[in-house]
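Here is the structure we will look at, set down as structure tokens.
The values are calculated or read from the model by the stated rules, or taken from the named source; none is laboratory data. Every value quoted in this text rests on a predicted model; they were computed, and no experiment measured them. In this analysis, Cβ positions are derived from the backbone assuming ideal geometry, glycine residues included, and neighbour counts consider all displayed protein chains. For the accessible areas, the whole protein counts, side chains as well, though only heavy atoms, and no ligand, DNA or RNA atoms are used. Shrake-Rupley method; radii C 1.70, N 1.55, O 1.52, S 1.80 Å.
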Amino acid sequence: MAKIIVDGKEVEVPDHYTLLQAAEEAGAEIPRFCFHERLSIAGNCRMCLVEAKGGPPKPVASCAMGVKDMRPGPNGEPPEIFTNTPMVKKAREGVMEFLLINHPLDCPICDQGGECDLQDQAMAFGIDESRYSENKRAVEDKYVGPLVKTIMTRCIHCTRCVRFSTEVAGVSELGLLGRGEDAEITTYLEKAMTSELQGNVIDLCPVGALTSKPYAFQARPWELTKTETIDVMDAVGSSIRVDTRGSEVMRIMPRVNEATNEEWISDKTRFIWDGLKTQRLDRPYIRKNGKLTAASWSEAFAVIAEKVNGTAPENIGAIAGDLSSVEEIYAMRELMSALGSANTDCRPENSALDPALGRSSYIFNTTIEGIEDADAILLVGTNPRKEASVLNARIRKRWRTGEAMVGLLGEDADLTYDAVHVGAGPDSISFLDKKMTKAKSRMFIIGEAVANRKDGAAVLQKLAGIALRHGIARDDWNGFNVLHTAAARVGGLDLGFVPGEGGKSTGEMLRESEVLFLLGADELDMIERRSGFTVYIGSHGDVGAHHADVILPGAAYTEKSGTWVNTEGRVQMGQRAGFAPGEAREDWAILRAMSEALVKTLPFDSLAQLRAALYEAHPHFAEIDEVMESDTSGVEALAKRKGGRLTKAAFKSPIDDFYLTNPIARSSAVMAECSARAKGEFAEAAE
């Protein structure tokens, strides 16, 4: 720790702090454009100037000078800086004047208006006139893809976007060409950016040079209602803010959450919003003579009741989809129990994950933050860049420190960091057992590709045994981690939404159940379902709806208050930002109404009553934003389970197309364009 005096106030800060961080610790406000806490220091905007006592007779850039670089007073007094002297005020006014020399008068038509750092700081630290009378320069706009809009005349060359794409995203696609008046930010050859995190440069840009292309000219920030909620596009559970105008979602922004997403979100999370209003199911449908026709709720329930009442309980099944909340899965479980059926599942076909073994057998035990403490990381059957791009950035962050090495067992892919490819399939596991590194904090990150194979149980058993033998899973550090791809998976497993005694799994229900309820389940091979009666409860007209005999319109994740559990077992609460269209209703309410039609009325009439029953049966769901302490009992049970024989088939990530992984994404025109560009290797030039 080091002591420093800021504007007469003495504070003690870590000795690696910059003067800017020390000043903010003392409560002083320091303007900045180029400095960002998660990026390297550039020191090129010069807005953060302060005066150092005993230093040079000129202001110093507080972002680029460290506390330990300051000289103490003549008698050993702590070094002293000033943030509001006349010299500092004049220097900042001069810097602002230079920044505005070429900046266009675009504020009335700029999408950054009302949220612009340059506007705010010009008001607070600038002056009301300029001595510059020459013509402003103009810079040609660059094409960087379908997501980010560029108006490069506004650029002030802070290089935040360059540093983010290089350091955090790991794809060096942006750079600064030229010097002085000829300096320009560009992608060199003007092709679309390929990073799955590129949309974060919109938030980082302190002016309106980089804005959201799909959101362009759609709304002003003061028009929007802002709702803090949780993302469900993957199993990371990123904290997001949904901005709505009326009931229409206009944009999705990240919130800071150090435990999960820091302050980044993936492009799928950010740009999915146009898919929330297209291909929506807004009324019940019944299939008559091979065609779906609109119906009333009572008609739809009557048809379902007739089919269910004429079917034996063992021939009725329910499958929960990837985006389902805990509340609706719980309601479906209670309804199936009332019907006397043990046929429930929330997992893909062939999944070897079993909640009966213990929670630590299927969650990310070290937590996402724990990645930053790992000395060695082995990725098994996963491509985190596609499956959890924000988590992948956390792995890259740890790799960049030089204190962790990464190994890859599975598809050899570009992960944005160097990874030693140790094999493609299960035949390399025995090699791992012999050559395991001696690092103290090691972790396995096991993808769903491992669990969903026919030999998944055998592979998990082998990996669990290695983890226990080599101290990867131990009392003070459980490095056995399962990386899920679906937001609903851990919540469903926590609820025990898996086949009961004598119950059928997902694949068996598809082929054999006479009556099958699909709770937003669209990632299924419906070709296998050649007969039987199917009821689809969901928000979009996707695969499940196309094969349904009755469709009950549900609410999307932004249209309901719900609980989701992320891959590390963190319970998170999502809030409703808008209302479902037409006659669509929240899924738990649909199930409650349907239970009455089936004469199996569920014992709750409101969401509060449902949650009270849920918390009584499963108390950990009441611990919002908490992760239950993990032990190794689940890993031990997994290692003892008989797994069968390994095959030689290589591991393959379950996600082929990052942009089209769920019904909302497949309804999004923006995601469709991104997918098409990705398949063309992003090579199409500007139109």
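Of everything in the stretch 50-76, what is closer than 18 Å to PHE125 by Cβ and over 37 Å from the mean Cα position of the chain (by Cα)? Give them in sequence order. Steps first, answer last, please.
Here is the first cut: in the stretch 50-76, the residues closer than 18 Å to PHE125 by Cβ are 50-51, 58-63.
Correct list: VAL50, GLU51, LYS58, PRO59, VAL60.
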| remark: When restricted to ARG585, ARG592, the only residue part of a loop (DSSP other than H, G, I, E, B), out of contact with any Cys (no Cβ under 7 Å at 6 or more places or on another chain) and farther than 22 Å from ASN481 by Cα is ARG585
| message | I want to confirm something. Restricting to the stretch 358-378 and keeping residues that are of a type in the set (S, T, N, Q) and assigned to a loop (DSSP other than H, G, I, E, B), which single residue is farthest from TRP399 (Cα to Cα)? | response | ASN365
| Restricting the first residue to the stretch 508-530 and requiring it to be surrounded by fewer than 16 Cβ atoms within 10 Å (Cβ to Cβ), which pairs with a second residue that is β-branched (Val, Ile, Thr) meet a Cβ separation below 6 Å and a spacing of at least six or different chains? | none
| task | Look through GLU327, GLU306 and report the one residue that is part of a helix (DSSP H, G or I), open to solvent by 10 Å² or more (accessible area, probe 1.4 Å) and either of a type in the set (Asp, Glu) or in contact with a strand residue (DSSP E or B) (Cβ under 6 Å, 6 or more places away or on another chain) (or both). | result | GLU306
| said: Given (1) within 19 Å of PHE517 (Cα to Cα); (2) without any contact (Cβ under 8 Å) to a residue 40 or more places away in the chain; (3) touching a Ser or Thr at 6+ places or on another chain (Cβ under 9 Å), identify the lone condition not met by TYR285. | reply: (2)
| request: Could you list, in sequence order, all residues of the stretch 255-279 that are open to solvent by less than 10 Å² (accessible area, probe 1.4 Å), polar (S, T, N, Q) and part of a loop (DSSP other than H, G, I, E, B)? | output: THR260, ASN261, SER266
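Criterion first (touching a Leu at 6+ places or on another chain (Cβ under 9 Å) and farther than 30 Å from ARG398 by Cα) does ILE81 satisfy it? If you could, list the steps in order and put the result at the bottom.
Working: touching a Leu at 6+ places or on another chain (Cβ under 9 Å): yes; farther than 30 Å from ARG398 by Cα: yes.
Spelling it out, ILE81 is indeed touching a Leu at 6+ places or on another chain (Cβ under 9 Å) and farther than 30 Å from ARG398 by Cα.
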| remark: Flagged in the stretch 648-674 as in a helix (DSSP H, G or I) and not acidic (Asp, Glu), in numbering order, are PRO663, ILE664, ALA665, ARG666, ALA669, VAL670, MET671, ALA672, CYS674
| remark: Residue count, the stretch 628-647, condition in a helix (DSSP H, G or I) and of a type outside the set (Val, Ile, Thr), comes to 7
| said: Going residue by residue through the stretch 649-656, is there one that turns out to be over 30 Å from GLY680 (Cβ atoms), of a type in the set (Ser, Thr, Tyr) and open to solvent by less than 30 Å² (accessible area, probe 1.4 Å)? | reply: no
| remark: With the first residue restricted to the stretch 62-79 and required to be open to solvent by 40 Å² or more (accessible area, probe 1.4 Å), and the second required to be among the acidic types (Asp, Glu), Cβ contacts under 6 Å at 6 or more apart or on different chains are LYS68/ASP15
| task | Looking only at the stretch 459-473, count how many residues are closer than 20 Å to ILE368 by Cβ and outside any helix (DSSP H, G or I). | result | 2
| Given (1) touching a helix residue (DSSP H, G or I) at 6+ places or on another chain (Cβ under 7 Å); (2) closer than 30 Å to MET250 by Cα, where does GLU514 come up short, assuming only one miss? | (2)
| request: Would you check if there is a residue in the stretch 448-458 being out of contact with any Ser or Thr (no Cβ under 8 Å at 6 or more places or on another chain), at pLDDT below 95 and assigned to a loop (DSSP other than H, G, I, E, B)? | output: no
| task | Report yes if some residue within the stretch 476-493 is surrounded by fewer than 22 Cβ atoms within 10 Å (Cβ to Cβ) and touching a Lys or Arg at 6+ places or on another chain (Cβ under 7 Å); otherwise report no. | result | no
| query | Only one of (1) crowded, with 20+ Cβ neighbours inside 10 Å; (2) more than 21 Å from SER668 (Cβ to Cβ) is not met by GLU181, so which one is it? | reply | (1)
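So which residues in the stretch 34-63 are in contact with a Lys or Arg (Cβ under 8 Å, 6 or more places away or on another chain) and under 25 Å from ARG394 (Cα atoms), if there are any at all?
Within the stretch 34-63, CYS34, HIS36, LEU39, SER40, ALA42, CYS63 qualify.
Would you confirm whether or not the stretch 391-400 contains a residue that is aliphatic (A, V, I, L, M), under 21 Å from TRP477 (Cβ atoms), modelled with pLDDT under 95 and surrounded by 19 or more Cβ atoms within 10 Å (Cβ to Cβ)? It would help to see each step written out before you state the result.
Here is the first cut: in the stretch 391-400, the ones aliphatic (A, V, I, L, M) are 391, 393, 395.
Now drop any that are not under 21 Å from TRP477 (Cβ atoms), which leaves 391, 395.
Those left that are additionally modelled with pLDDT under 95: none.
Within the stretch 391-400, none of the residues are aliphatic (A, V, I, L, M), under 21 Å from TRP477 (Cβ atoms), modelled with pLDDT under 95 and surrounded by 19 or more Cβ atoms within 10 Å (Cβ to Cβ).
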